[in-house]
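Quick notes on the structure that follows.
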Amino acid sequence: MRNLSPRLVALLQWLLTLLLPYVLVISSLYIFMSPQFIEWQYAQPDFPPADRFTPDQRTYNAVETVLYTRGERTEQQLKALGVYNEREIKHLVDVYNVARPLLQLNPLFILIMLGAFILLWRNPATRRNAGTGLMFGGILTFVLVGFVGLVAVFAFDTFFVAFHRVFFEGDTWLFNYSDSLIQFYPELFWMKASYGIALFVMGGAVLFTALGVWLRQRARK
């Protein structure tokens with residue numbers, strides 16, 4: 001079997017390390033940007049009720065909105081719901097423009113990681129690098145998301161504002177309590193979603209770190 005060049009080995013290992021945090025975070029969105037998560041949230045006894053919508057109306061519109069941000073509904077279908085003002089529509093379009101490319105890139109990055117892993121693992125001389133890439137990727141994910149998670153837990157309002165200022169221009173994401181977006185997705189919704197994403201990603205980080213350590217030990221044998 002032809003040996004890989006040292007530069008290629010290093011590149012493949014770094015791809016595993018650097019792409020893993022992205023893949024774990026974006027993969028979590030398939031869970032927490034889903035109709036099932038919305039319905040679960042609404043079913044919790046501590047979840048605040050909506051003032052302007054019945055439970056069925058609230059669920060339907062919230063689910064359709066999330067499906068729009070995932071690219072499964074058109075902007076025309078979003079507007080046809082008839083529950084959002086112009087400011088809210090603009091914000092949701094901004095959300096779509098941010099979320100859609102991230103979701104579209106995720107399968108590509110998963111394939112790149114899989115290809116990098118296979119290339120490293122199929123050669124006995126570089127199997128240790130495959131484990132190292134996953135181990136360092138898990139550690140990097142743990143550090144990055146652990147820091148963000150701590151900020152979200154102890155200063156959620158500050159984290160929430162900073163997050164929106166990074167991804168959205170101006171104050172288009174600020175709404176009144178009576179606006180539909182706040183009626184559908186109050187602060188408690190975002191708190192639970194943030195905690196859920198953090199737990200999912202941290203769990204993935206621990207798993208891949210352990211897997212990387214095990215693969216390194218196996219390659220050594």
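From the list Val23, Val9, Val66, exactly one residue is in contact (Cβ under 8 Å) with a residue 12 or more places away in the chain, touching a Pro at 6+ places or on another chain (Cβ under 8 Å) and assigned to a helix (DSSP H, G or I). Which is it?
Val66
Check whether at least one residue in the range 77-84 is among the basic types (Lys, Arg), modelled with pLDDT of 95 or more and in a helix (DSSP H, G or I), and report yes or no. If you could, list the steps in order and put the result at the bottom.
Filtering the range 77-84 down to residues among the basic types (Lys, Arg) leaves 79.
Right, trim to modelled with pLDDT of 95 or more and you get 79.
With in a helix (DSSP H, G or I) added as a condition, the list becomes 79.
Yes.
Among the residues of the range 56-110, which ones are polar (S, T, N, Q), in contact with a Phe, Trp or Tyr (Cβ under 7 Å, 6 or more places away or on another chain) and closer than 30 Å to Leu18 by Cα?
Correct list: Thr69 only.
Results for (1) among the acidic types (Asp, Glu); (2) under 16 Å from Ile182 (Cβ atoms); (3) surrounded by 13 or more Cβ atoms within 10 Å (Cβ to Cβ), shown as yes or no for each residue.
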position: Leu8; (1), (2), (3): no, no, yes
position: Thr74; (1), (2), (3): no, no, no
position: Leu81; (1), (2), (3): no, yes, yes
position: Gln104; (1), (2), (3): no, no, no
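Tell me which helices (runs of 4 or more DSSP H) are completely within the range 127-210 and hold 1 or more residues being at pLDDT below 95, farther than 24 Å from Leu81 by Cβ and of a type in the set (Phe, Trp, Tyr), or say none if there are none. Even if it seems obvious, please write down each step before you answer.
Working: elements: 127-154, 156-167, 180-184.
Of the helices (runs of 4 or more DSSP H) lying wholly inside the range 127-210, those with at least 1 residues that are at pLDDT below 95, farther than 24 Å from Leu81 by Cβ and of a type in the set (Phe, Trp, Tyr) span 127-154, 156-167.
For the range 96-133, what are the residues that are without any contact (Cβ under 8 Å) to a residue 40 or more places away in the chain and of a type outside the set (Phe, Trp, Tyr)?
Selection gives Asn97, Arg100, Pro101, Gln104, Pro107, Leu108, Leu111, Leu114, Gly115, Ile118.
Condition test on Ile118, is it surrounded by fewer than 14 Cβ atoms within 10 Å (Cβ to Cβ), over 28 Å from Tyr60 (Cα atoms) and β-branched (Val, Ile, Thr)?
yes
Quick check, is Leu92 under 22 Å from the mean Cα position of the chain (by Cα), modelled with pLDDT under 95, closer than 22 Å to Asp179 by Cβ and not basic (Lys, Arg)?
yes
Looking at the range 26-46, which of its residues are in a loop (DSSP other than H, G, I, E, B), farther than 18 Å from Arg70 by Cβ and of a type outside the set (A, V, I, L, M, F, W, C)?
Gln44, Pro45, Asp46, listed by residue number.
The values are calculated or read from the model by the stated rules, or taken from the named source; none is laboratory data. This one's a predicted model, so the numbers in the text were calculated from it and none came from an experiment. Because the Cβ atoms are built from the backbone with ideal geometry, glycine has one as well, and the counts that use them run over all protein chains shown.
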